[in-house]
1. Just one of the numbered conditions (1) crowded, with 19+ Cβ neighbours inside 10 Å; (2) within 30 Å of Glu206 (Cβ to Cβ) is not true of Leu126; which one?
2. Any idea how many residues of region 164-177 are within 11 Å of the ligand (Cβ to nearest atom) and open to solvent by 50 Å² or more (accessible area, probe 1.4 Å)?
3. Which of (1) in contact with a Lys or Arg (Cβ under 9 Å, 6 or more places away or on another chain); (2) within 12 Å of the ligand (Cβ to nearest atom); (3) open to solvent by 10 Å² or more (accessible area, probe 1.4 Å); (4) aromatic (Phe, Trp, Tyr) does Phe109 not meet, given it meets every other one?
4. What pairs come out if I take residues in region 172-194 that are within 21 Å of Gly20 (Cβ to Cβ) and pair them with residues that are within 11 Å of the ligand (Cβ to nearest atom) and among the polar types (S, T, N, Q) whose C-beta lies under 6 Å away, six or more apart or interchain?
5. Test Asp186 against the stated conditions and say whether it is surrounded by fewer than 17 Cβ atoms within 10 Å (Cβ to Cβ), at pLDDT below 95 and either closer than 24 Å to Asp70 by Cβ or more than 15 Å from the chain's Cα centre (by Cα) (or both).
6. Quick check on this structure: which one of Ala36, Ala28 is open to solvent by 30 Å² or more (accessible area, probe 1.4 Å) and either more than 14 Å from the ligand (Cβ to nearest atom) or acidic (Asp, Glu) (or both)?
7. Being among the β-branched types (Val, Ile, Thr) and assigned to a helix (DSSP H, G or I) is the filter; apply it to region 20-59 and report the residue that is farthest from the chain's Cα centre (by Cα).
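The values are calculated or read from the model by the stated rules, or taken from the named source; none is laboratory data. Since the model is a prediction, treat every value here as computed from it, not as a measurement. All Cβ positions, even for glycine, are placed from backbone atoms using ideal geometry, and neighbour counts span all protein chains on display. Please note that ligands, DNA and RNA were not included when accessible areas were found on the heavy atoms of the full protein model with its side chains. Shrake-Rupley method; radii C 1.70, N 1.55, O 1.52, S 1.80 Å.
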Amino acid sequence: MTKIKTSARGCFITVEGGEGAGKSSNLAFIQSLLEAAGKPVLFTREPGGTPLGEAIRELLLGHKHTGMADDTELLLMFAARAEHLHRKILPALEQGKWVLCDRFTDASFAYQGAGRGISAERIATLQQFVQGVLRPDLTLLLDLPVETGLERAGKRSDPDRFESEAHLFFEKVRTGYLQIAAREPDRVRVIDASPGLQVVQDQIAEVIQGYLDNLNG
Ligand code: Z5A
């Protein structure tokens, strides 16, 4: 089991959201807010973040294995996560770095759980196995109506295996994310991602500032 939380460890911040929610558009902004506050930031992503994890990402997102079993998809997510934790996230946190991660285990509960229908209990078993007690300290959930997200994402070419899913799948994913946020309001802060970028970033800045103030206070 994974060992964690020493007092000197850095904070673990994750960013989540459905299709076209604007994670990529806002991650550099979040990093700049943290760095402006003097925090050494390591940016990374899931699935991926390590050479092996990126290879697993290709298997998961590419179209070569369309139709893979839901359990296979879940186990590959957690295999990539185990590698990511041991090779990158945990060492960085232990060195006092702040880890900013584009998606983490909430995505498994939202996509493989709510989206594909795998029970939360089974996912929680893997979460415990792979992560032990480690959970993100703060999660920003960029939320917007599925229609809006798909319209934004649709402007890009070549949808990946997840982006090729039907509308109903993304409705379930959105509901799954919002249920997590409702259960854990202190950790998961919902950002309304539907307005223009400036308004979205104003909300993000307020949450990050509040988090930093709380740590210092
Ligand atoms: N997945 C999973 O199933 N289980 C797991 O455990 C994990 C992941 C960890 C890869 O994720 C897939 O893996 C993902 C879930 C699954 N599948 N999906 N879908 P990813 O994060 O790499 O892929 P993504 O969700 O497609 O993220 P993305 O491609 O980076 O999109 P985004 O970051 O959310 O959006 P964006 O690229 O920043 O913005 C989309 C467009 O909207 C773009 O043209 C922007 O300029 C525009 N945009 C952004 N914000 C705005 C605002 N505010 N107004 C107007 N236009 C905007």
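1. (2)
2. 2
3. If we test Phe109 against (1) in contact with a Lys or Arg (Cβ under 9 Å, 6 or more places away or on another chain); (2) within 12 Å of the ligand (Cβ to nearest atom); (3) open to solvent by 10 Å² or more (accessible area, probe 1.4 Å); (4) aromatic (Phe, Trp, Tyr), just (1) comes out false.
4. Cβ pairs passing all conditions: Ile191/Gln203; Ser194/Thr148.
5. Answer is no for this residue.
6. Ala36
7. Checked region 20-59; the qualifying residue farthest from the chain's Cα centre (by Cα) is Ile56.
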